[in-house]
Amino acid sequence: MAQLIGGLGTSHIPAIGGAIHKGLQQTPYWKPFFDGFPPIQKWLGEKKPDVMVIFYNDHGLNFFLDKMPTFAVGAAREYVNSDEGWGIPSLEPLKGDIDLSWHIINTLIDKEFDVVTCQEMLVDHACSLPLKLLYPEGNYPVTVVPVCINTVQFPLPSAKRCYALGKAVGEAIRSWDSSKTVAVLASGGLSHQLDGERAGFINKEFDLQFLDSLESNPEWATQFSVHELVEKTGTQGVELLMWLAMRGALGTGGGSKVKRVTGNYHIPISNTATAVLALETV
Ligand code: DHB
Ligand code: FE
């Protein structure tokens, strides 16, 4: 059976693409953010996952307000990146893993998660930037399965439901009849609000408590309703739902405990509290 080796989390602010394109990684503004990545790159270099299952939110590129699935899973041979214009001008398409996609889709439907399946799927900065940050040299050595969670148009799925989705995805990965190794990746957050009266809102205390909880008490954030999460983390801070799904996939207890490999928290980049985390299953 496939092996689930761990979970990663990173922010996906579009301006990161511009910084990479212009080579600004070592400038005072960007260095504290980019410094979070070498330990993760080293870990990936040692562990060499074959596949990355990416929990992310589409920002109106593949799904717009007229058709907004709560959960959607990619089942494409490749995923073309069409960014929003702030990012890296041209990025290679991400290679899909059709076999794992369908195994995840079948498992989720079996477990009563009625997901949308996407045999064609454009991916935005939320999929492309994390991979570029994790594998800066390009030529990504992983195939991907994108799992999209709606955080754009209400009603949003609850934290409890996203954690359960992640758990089911983790069970699917572990029951995949393959010798491949798989990592799960959360793209988004942490606290941020891009518009409205509270534009620029950041909640460091909550973010740090949330990051801690992912290690020791992963269900902690499932106590909050989506509206409470918006209040505590900002309208776009609900992207932390991706981190919760990622952690759900790693499981708890017997054989699926986690160890923190590395992490970084830095505020702000653009309007956002950025975080980076790697958790290894032990
Ligand atoms: C920003 C953050 C996001 O998560 C996003 O999708 C777009 C912009 C920002 O802080 O600029
Ligand atoms: Fe975002």
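The values are calculated or read from the model by the stated rules, or taken from the named source; none is laboratory data. Worth saying up front: this structure is predicted, and the values here are computed from it rather than measured. All Cβ positions, glycine included, derive from the backbone under ideal geometry; neighbour counts span all protein chains shown.
Looking at this structure, is T274 within 13 Å of ligand 2 (Cβ to nearest atom), at pLDDT 95 or above, among the polar types (S, T, N, Q) and part of a loop (DSSP other than H, G, I, E, B)? So T274 fails the test.
Only a single criterion out of (1) buried (at least 19 other Cβ atoms within 10 Å of the Cβ); (2) without any contact (Cβ under 8 Å) to a residue 60 or more places away in the chain; (3) of a type in the set (D, E) is not satisfied by D212, namely (1).
Specify which of the listed residues (G17, G45) is more than 16 Å from ligand 1 (Cβ to nearest atom), of a type in the set (G, A, S) and part of a helix (DSSP H, G or I). Only one candidate qualifies: G45.
Pairing each residue of region 95-121 that is surrounded by 14 or more Cβ atoms within 10 Å (Cβ to Cβ) with any residue that is assigned to a loop (DSSP other than H, G, I, E, B) and charged (D, E, K, R), provided the two are 6+ apart or on different chains, yields C-beta distances under 7 Å for G96/R77; I98/R77. Between V152, V184, V169, V142, the distinction of being away from ligand 2 (no atom under 16 Å from the Cβ), of a type in the set (A, V, I, L, M) and in contact with an Asp or Glu (Cβ under 9 Å, 6 or more places away or on another chain) belongs to V142 only.
Scanning region 169-189 for residues that are in a loop (DSSP other than H, G, I, E, B) and more than 10 Å from ligand 1 (Cβ to nearest atom) gives S175, W176, D177, S178, S179, K180. Scanning region 26-68 for residues that are surrounded by 21 or more Cβ atoms within 10 Å (Cβ to Cβ), in contact with an Asp or Glu (Cβ under 9 Å, 6 or more places away or on another chain) and not hydrophobic (A, V, I, L, M, F, W, C) yields a count of 4.
Applying the condition of being of a type in the set (S, T, Y) and outside any helix (DSSP H, G or I) to region 205-253 and asking which residue is farthest from ligand 2 (Cβ to nearest atom) yields T252. Only one entry in G9, G45, G23, G36 is within 16 Å of ligand 2 (Cβ to nearest atom) and either of a type in the set (G, A, S) or touching a helix residue (DSSP H, G or I) at 6+ places or on another chain (Cβ under 7 Å) (or both), namely G9. Evaluate the following for V261: is it closer than 25 Å to P146 by Cα, surrounded by fewer than 23 Cβ atoms within 10 Å (Cβ to Cβ) and touching a Ser or Thr at 6+ places or on another chain (Cβ under 8 Å)? No, not satisfied.
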